[in-house]
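**Student:** This is the structure I have questions about; it appears just below.
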Amino acid sequence: MAEADSTHEAHWQRTKNLTIITLIIWFIFAFGVHWFAPQLNSITFLGFPLGFYMAGQGSLFAFVVIIFWFARAQNKIDEEFGVAEDENEDE
């Protein structure tokens with residue numbers, strides 16, 4: 001029983017760390033880029049000021065990448081601890 005508790009605690013700790021890292025990355029793209037947009041505008045990307053580009057398209061692209069990265073990383077954690085959902089499981 002103690003081993004199951006320690007495994008559960010280790011799984012939760014890894015999940016918590018992944019969530020914190022994901023939220024930090026999200027915060028950078030959601031707020032950090034926009035706070036520093038005037039400074040970023042001195043750099044151009046595809047002919048647009050970088051601050052404008054990141055506010056218009058870059059942040060949205062980053063959010064989609066974050067979602068897929070988070071799902072993949074969480075699935076790896078779940079597989080490591082034997083709690084992954086099996087896609088081929090019969091109901």
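**Student:** Between I66 and D86, what is the label-point separation in nm under the 7 Å Cα-to-beta-carbon projection?
**Tutor:** The two pseudo-label positions are separated by 3.4 nm.
**Student:** Hey, got the dipole for the chain? About the Cα centre, +1 on K and R Cβ, -1 on D and E Cβ, debye to the nearest 20?
**Tutor:** Charge dipole of the chain: 1040 debye, to the nearest 20.
**Student:** Using 0.36 nm times the number of residues separating W12 and N75, minus their current alpha carbon distance, what extension gain do you get?
**Tutor:** Extra length available between W12 and N75 comes to 21.4 nm.
**Student:** Could you work out the relative contact order of the chain? I mean the mean sequence separation of Cα pairs under 8 Å and 6+ apart, divided by the number of residues, in percent.
**Tutor:** 30
**Student:** Right, next: Of (i) 31, 21, 18; (ii) 40, 24, 18; (iii) 59, 30, 15, which one was derived for Cα extents along the principal axes in Å from the structure shown?
**Tutor:** (iii)
**Student:** If you count only protein heavy atoms with a 1.4 Å probe, what accessible area per residue comes out for the chain, rounded to a whole Å²?
**Tutor:** Here the per-residue accessible area is 79 Å².
**Student:** With all protein chains present and a 1.4 Å probe, how do K16, K76 order by accessible area, largest first?
**Tutor:** Putting K16, K76 in descending order of accessible area: K76, K16.
The values are calculated or read from the model by the stated rules, or taken from the named source; none is laboratory data. In this text, all values refer to a predicted model and were calculated from it rather than measured experimentally. We place every Cβ from the backbone using ideal geometry, glycine too, and count neighbours over all the protein chains shown. All accessible areas refer to the heavy atoms of the entire protein, side chains included, with ligands and DNA or RNA removed. Shrake-Rupley method; radii C 1.70, N 1.55, O 1.52, S 1.80 Å.
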